[in-house]
Amino acid sequence: MELYAATEKNIQIAAELIRGGGLVAFPTETVYGLGADGLNATAAASIFEAKKRPFFDPLILHIARMDSLYDIAETPDSRILSLAEKFWPGPLTIVVKKKQHVPDIVTSGLETVAIRMPDHPVAQKLIELSRTPLAAPSANRFGSISPTSALHVSRQLHDSAGIILDGGECHVGIESTIIASSGSGITLLRPGGIPVEAIEEAAGIKLQAAEQGSMPNAPGQLPYHYSPEKPVHLVDRITEDIPNAGLLFFRQPQFVCPAGRSLVLSPSGSLREAAANLFAHLHMLDSMDIDSIYAERVPGTGLGLGIMDRLTRASMKKQLIKT
Ligand code: AMP
Ligand code: MG
């Protein structure tokens, strides 16, 4: 994939590529997406190919206007609809009953489809000019660290066809929160960029935890995911140097750290800043000459729930390989 600045003219070129069935990586507020025409099964298939993503992991369709929802889905129940109206554009994905013409490859054969409206001018313009919903999972190889810059994308996907629109760094930094309605309630399928507490406050009810077997067997839900090459150890606090390890602190540490292999998610302890830095810091630590990564746990509230979800999955890879 070749890098292009996200100028008006290049977005136009990218949209033509999408309309011809091609691939375009583009910035959103969460992470960079690998986009294709979400109503073209062959184009969607090339996303799976480029990412080496298994076909049982359904894609999210990205729209730029509220009425596009009704082109691809049946009318959601009123609670889900009002949450979409409140949090769109933004990092909330809703899972709703799909319309017939949404290809099976996009939904992994499910009768439901995941939809969101990204809050990023480049993403919105690209969707608008493409005149189709864009299927767009994170623009990385399956299972590895999600990209929050165009450079992260080109490092992982340079061998694939298509172009990357460079629109700078993603300001939310972790993927969307995914919800679905379940009888009279709402189920949380994945924590992410909209805090669960904000959804609960808007909906006036507590979100239910997803039951085993109630979701597709998707890698986002596999214990290992978002993984650096180096083993990741998750600890409460790093209180002293760990030789040959990369150190990922939540806040500014209280001791003098080894320069060059210590990174801080947020010096002041802001979860918003920590989320925005998470994947970029993991990419950076993974490229260093170290044996392993030690990462501090963050508080599991607000955006911290999504951060802990990613860190926990990143740390599982090594344990699974060992056992
Ligand atoms: P991403 O890879 O970040 O684009 O997120 C895609 C994730 O959305 C999948 O891994 C699933 O967890 C979830 N998803 C997509 N479609 C559905 C669906 N129809 N039902 C439930 N979850 C879905
Ligand atoms: Mg992903």
Checklist outcome for this item: With Cα springs under 10 Å, the Gaussian network model of the chain assigns the largest mean-square fluctuation among 191, 267, 147 to 267
Checklist outcome for this item: Note to self: C-alpha centroids of the range 1-62 and the range 141-171 sit apart, in Å, by 11 Å
Next on the checklist: Tell me the angle of helix 271-286 to the major Cα principal axis of the chain, expressed in degrees between 0 and 90 and rounded to the nearest ten.
Outcome noted: 70 degrees
Checklist entry - Between the DSSP loop rule and a limit of at most 12 other Cβ atoms within 10 Å, which GluC sites (Glu not before Pro) in the range 238-323 are left? => result 240
Checklist entry - Relative contact order (percent) for the chain, with alpha-carbon contacts under 8 angstrom and 6 or more residues of separation? => result 20 percent
Item to check | the range 243-288: projected area of the alpha-carbon convex hull, averaged over directions, in nm² | outcome: 3.1 nm²
Checklist outcome for this item: With -39,500 (n - 2.57) per DSSP H segment of 4 or more residues and division by the full residue count of the chain, the 222 nm estimate, nearest 500 deg cm²/dmol, is -9500 deg cm²/dmol
Item to check | Rg/Rg_ref, the chain, where Rg_ref = 2.2 N^0.38 Å and atoms are Cα | outcome: 0.97
Item to check | Kirkwood hydrodynamic radius (C-alpha pairs) into Stokes-Einstein, the range 257-320, 4 °C and 1.567 mPa s, D in µm²/s | outcome: 104 µm²/s
Next on the checklist: When a/c reaches 1.5 or more, the comparison of a/b and b/c decides; with that in mind, is the range 1-46 rounded, prolate or oblate per its Cα gyration tensor?
Outcome noted: oblate
Checklist outcome for this item: Between the Cα axis of helix 121-130 and the main Cα principal axis of the chain, the angle (0 to 90°, nearest 10) is 30 degrees
Checklist outcome for this item: Under a Gaussian network model of the chain whose springs join Cα atoms within less than 10 Å, the largest fluctuation of 269, 260, 33 belongs to 260
Checklist entry - Once you list every other residue whose beta carbon is under 10 Å from the beta carbon of residue 30, what net charge do they have if Lys and Arg are +1 and Asp and Glu are -1? => result -2
Checklist entry - On a 0 to 90 degree scale, rounded to 10, what angle separates helix 78-87 from the longest Cα axis of the chain? => result 60 degrees
Checklist outcome for this item: Unit-weight point scatterers at every alpha-carbon of the range 85-230, Debye formula, q = 0.19 1/Å: log10 I(q)/I(0) is -1.45
Item to check | Globularity ratio of the range 68-141, using Cα Rg and 2.2 N^0.38 Å | outcome: 1.10
Item to check | Taking all pairs of distinct alpha-carbon atoms in the range 1-128, Kirkwood radius in angstrom | outcome: 15.0 Å
Item to check | Distance violations [Cα-Cα > 27 Å] among 86/206; 125/206; 125/230 | outcome: 125/206; 125/230
Next on the checklist: I need the phi-derived Karplus couplings for the range 229-235: 6.51 cos²θ - 1.76 cosθ + 1.60, θ = phi - 60°, integer Hz, Gly and Pro marked x.
Outcome noted: 5, 6, x, 10, 10, 9, 9
Checklist outcome for this item: For the range 135-193, the Cα gyration tensor yields equivalent-ellipsoid semi-axes (√(5λ), largest first, whole Å) of 29, 13, 10
Checklist entry - In the Gaussian network model of the chain, springs joining C-alpha atoms below 10 Å, which of 84, 36, 139 carries the largest mean-square fluctuation? => result 84
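Here, each number is a calculation from the coordinates, and none is a lab measurement. Just so it is clear, the model here is predicted, and its values are computed rather than measured. Positions of Cβ are generated from backbone atoms using ideal geometry, with glycine treated the same way; all protein chains shown enter the neighbour counts.
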